[in-house]
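Student: Can you keep this structure in mind? I'll have questions shortly.
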Amino acid sequence: MSSRAVVLVTGSSRGLGRGVAEALAASGYSVAIHYANNRTAAEETAEACRTLAPDRAQEFAIVGGHIGLAADRQRLFDQTLEAFGHLDALVNNAGIAPRVRADITEATEEIFDEVIGVNLKGPYFLSQLAARYWLAHPGASRLSTGYKLIFVTSLSANTASINRGEYCISKAALAMAAQLWAVRLATEGVQVMELRPGIMATDMTSGVKEKYDKLLAEGIVPQKRWGTPADLGRAVESILAGHFPFSTGDVINIDGGFHLRRL
């Protein structure tokens, strides 16, 4: 049983999730590292976390499963509790892009269902499992300001891309899910926040790097740089540290100013 606060970070074998896991490890948290298919990558994340951890009491367990499937969600949640004995925060980070980018006049229902299952249904119902657990264990969080539920969405929550409509819809709906859970859990000692990354340097965007390099140089992002997994990790760390005690259901943009309206 972990003596430290425990955070389950979905999709933490790579990309943004790995950045979150590493930031939390460096800050003294125990982390459940989730992967869908690539256990080797999850093991690499766990090893990186052990190297960064300042306290030997920290633990890093690997949990696998397809979050779009109910049985897998339940299993990975149970595995987390078995490994650590408790759960203090859930970071809903796991997400996929459509396998095929297609104009919305050509997009298929198969890919739509795939993206919605992982990006929306998965975190919505994994949050339900976490909420039920927290409601059954009121006031037991090892975080000084109570349990935390974090949703990682995307600039696509309010920015239309007609060649990946299913992704935009999934993230817009996930933003509403964050508000719903915030309202439901506000009186129960659970803080809910949405982090909305912008153009981030991960394997998901590696195939369009040249396109975004050009857009960044032209100023689509006021800070004129790619976002990094570490940028997201710092934001999660700040929420868990209790730096926003009188906030819930809020959106924190991690996008270098992309969301700003400009003339």
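The values are calculated or read from the model by the stated rules, or taken from the named source; none is laboratory data. Everything numeric here is computed off the predicted structure, so don't read it as measured data. Quick reminder, even Gly has a Cβ in these numbers, built from the backbone with ideal geometry, and neighbours come from all protein chains shown.
Student: Any idea which of (1) within 23 Å of GLY68 (Cβ to Cβ); (2) surrounded by fewer than 18 Cβ atoms within 10 Å (Cβ to Cβ); (3) hydroxyl-bearing (Ser, Thr, Tyr); (4) in contact (Cβ under 8 Å) with a residue 40 or more places away in the chain is the one SER144 doesn't satisfy?
Tutor: (1)
Student: All but one of (1) assigned to a loop (DSSP other than H, G, I, E, B); (2) within 19 Å of ILE254 (Cβ to Cβ); (3) in contact with a Gly (Cβ under 6 Å, 6 or more places away or on another chain) hold for SER161; which doesn't?
Tutor: The failed condition is (3).
Student: Would you mind telling me which numbered condition in (1) modelled with pLDDT of 95 or more; (2) surrounded by fewer than 21 Cβ atoms within 10 Å (Cβ to Cβ) ASP203 fails?
Tutor: Here ASP203 meets the rest and fails (1).
Student: Go through (1) touching a strand residue (DSSP E or B) at 6+ places or on another chain (Cβ under 8 Å); (2) not in a loop (DSSP other than H, G, I, E, B) one by one and return the number of the condition ARG142 breaks.
Tutor: (2)
Student: Okay, moving on. Out of all the residues in the stretch 209-231, which are more than 24 Å from THR10 (Cα to Cα) and outside any loop (DSSP other than H, G, I, E, B)? Give the derivation first.
Tutor: If we filter the stretch 209-231 for residues that are more than 24 Å from THR10 (Cα to Cα), which is where we start, we get 209-225.
Within the stretch 209-231, LYS209, GLU210, LYS211, TYR212, ASP213, LYS214, LEU215, LEU216, ALA217 qualify.
Student: List the pairs whose first member sits in the stretch 70-87 and is under 9 Å from LEU126 (Cα atoms), whose second member is part of a loop (DSSP other than H, G, I, E, B), and whose Cβ atoms are under 6 Å apart, counting only residues at least 6 apart or on separate chains?
Tutor: Here the result reads ARG73/ILE67, each pair linking the stretch 70-87 to a residue that is part of a loop (DSSP other than H, G, I, E, B).
Student: Take GLY198 and decide whether it is over 24 Å from TYR29 (Cα atoms), within 14 Å of the chain's Cα centre (by Cα) and not aliphatic (A, V, I, L, M). Give the steps one after another, and end with the answer.
Tutor: Values: over 24 Å from TYR29 (Cα atoms): yes; within 14 Å of the chain's Cα centre (by Cα): yes; not aliphatic (A, V, I, L, M): yes.
Spelling it out, GLY198 is indeed over 24 Å from TYR29 (Cα atoms), within 14 Å of the chain's Cα centre (by Cα) and not aliphatic (A, V, I, L, M).
Student: Could you check, for the stretch 27-34, whether at least one of its residues is assigned to a loop (DSSP other than H, G, I, E, B), free of Cβ contacts under 8 Å to residues at least 40 places away in the same chain and more than 24 Å from TYR124 (Cα to Cα)?
Tutor: Filtering the stretch 27-34 down to residues assigned to a loop (DSSP other than H, G, I, E, B) leaves 27-29.
If we keep only those that are free of Cβ contacts under 8 Å to residues at least 40 places away in the same chain as well, we get 28.
Keeping just the survivors that are more than 24 Å from TYR124 (Cα to Cα) gives 28.
Scanning the stretch 27-34 turns up at least one residue that is assigned to a loop (DSSP other than H, G, I, E, B), free of Cβ contacts under 8 Å to residues at least 40 places away in the same chain and more than 24 Å from TYR124 (Cα to Cα).
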